[in-house]
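Before any comments, here is the structure.
What follows is calculated from the coordinates using simple rules that are stated; it is not laboratory data. Treat the numbers as computed from the prediction; the structure is a model and nothing was measured. Every residue, glycine as well, gets a Cβ built from its backbone with ideal geometry; the counts of neighbours run over all protein chains shown.
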């Protein structure tokens, strides 16, 4: 009974961890929308929530890892669980990085890029949400993992497509080269969120196959 209670506590902690990543993905889309609308107070407020979420998620992840080793929980899948948590952590870290970069560096996007940026950001947020569903499925309904990972791959490709359109608009514009390179880097940092989502999904697919053998 004590062992089962420890497992249950760990599962609850994992759910809390995933909630923080999911919420940060939603906040990411809101923050960029506020940035574009020049609603700086609302943007800064949401940025602070993301910063807190990332710090709390780190604490949860470390606690989960310690529980896995201390109480020898799920030893046959422990390495897979640790890998999933560590790679999912890169997603929320990247979200925090880009929203803080936006708030500090204040990039100026050409008007022609705004519709593509909005679409790119929404696809990024969608990729994060489907990733969280996939990770939850790994723990509770692993037969659903492929349904969610497929959507992550779809949204990741959309992000790449919008990124290409944005870069083309930027480099076709008449703004100076320094600004073009700055915007290119910002767009690349946004792209990396969905890239990390895809990387986690690649691992999830492999771990799912292992569990079915």
Quick shape summary for the chain, equivalent ellipsoid via Cα gyration tensor, semi-axes whole Å in descending order, reads 35, 19, 12
Any chance you could run the full-extension gain for residue 140 through residue 182? It's 0.36 nm times the residue separation minus the Cα-Cα distance, nm to one decimal.
-> 10.9 nm
Computed lengthening from residue 9 to residue 86, 0.36 nm per intervening residue step minus Cα-Cα distance = 25.8 nm
What is the calculated FRET efficiency for residue 36 to residue 16, with r their C-beta to C-beta distance and R₀ = 30 Å, to the nearest 0.05?
-> 0.45
Provide the packing ranking of 147-159, 188-200, 106-118, 127-139, i.e. peptides ordered by the mean count of other C-beta atoms within 10 Å per residue, highest first.
-> 127-139, 188-200, 147-159, 106-118
Taking the chain as the reference, fit the longest principal axis to its C-alpha atoms, fit the long axis of helix 78-105 to the helix C-alpha atoms, and give the angle between the two in degrees, 0 to 90, nearest 10.
-> 20 degrees
Over the range 10-104, consider all pairs of different Cα atoms and compute the Kirkwood hydrodynamic radius from their mean reciprocal separation; express it in Å, one decimal.
-> 14.1 Å
Where does each of 38-46, 53-61, 24-32 land if you order them by average Cβ count within 10 Å, highest first?
-> 24-32, 53-61, 38-46
Rounded to the nearest 10 degrees, the helix 145-172 long axis (Cα) sits at an angle to the longest Cα principal axis of the chain of 20 degrees
Roughly what angle does helix 177-212 make with the longest principal axis of the chain, taking Cα atoms, 0 to 90 degrees, to the nearest 10?
-> 20 degrees
Where does the range 125-165 land on Rg/Rh, using Cα atoms and the Kirkwood Rh?
-> 1.09
Extension reserve of the residue 119-residue 55 stretch, reckoned as 0.36 nm per residue once the Cα distance is removed = 20.2 nm
Before rounding to the nearest 500, sum -39500 (n - 2.57) across all DSSP H runs of length at least 4 in the chain and divide by the residue total; then give [θ] at 222 nm in deg cm²/dmol.
-> -31500 deg cm²/dmol
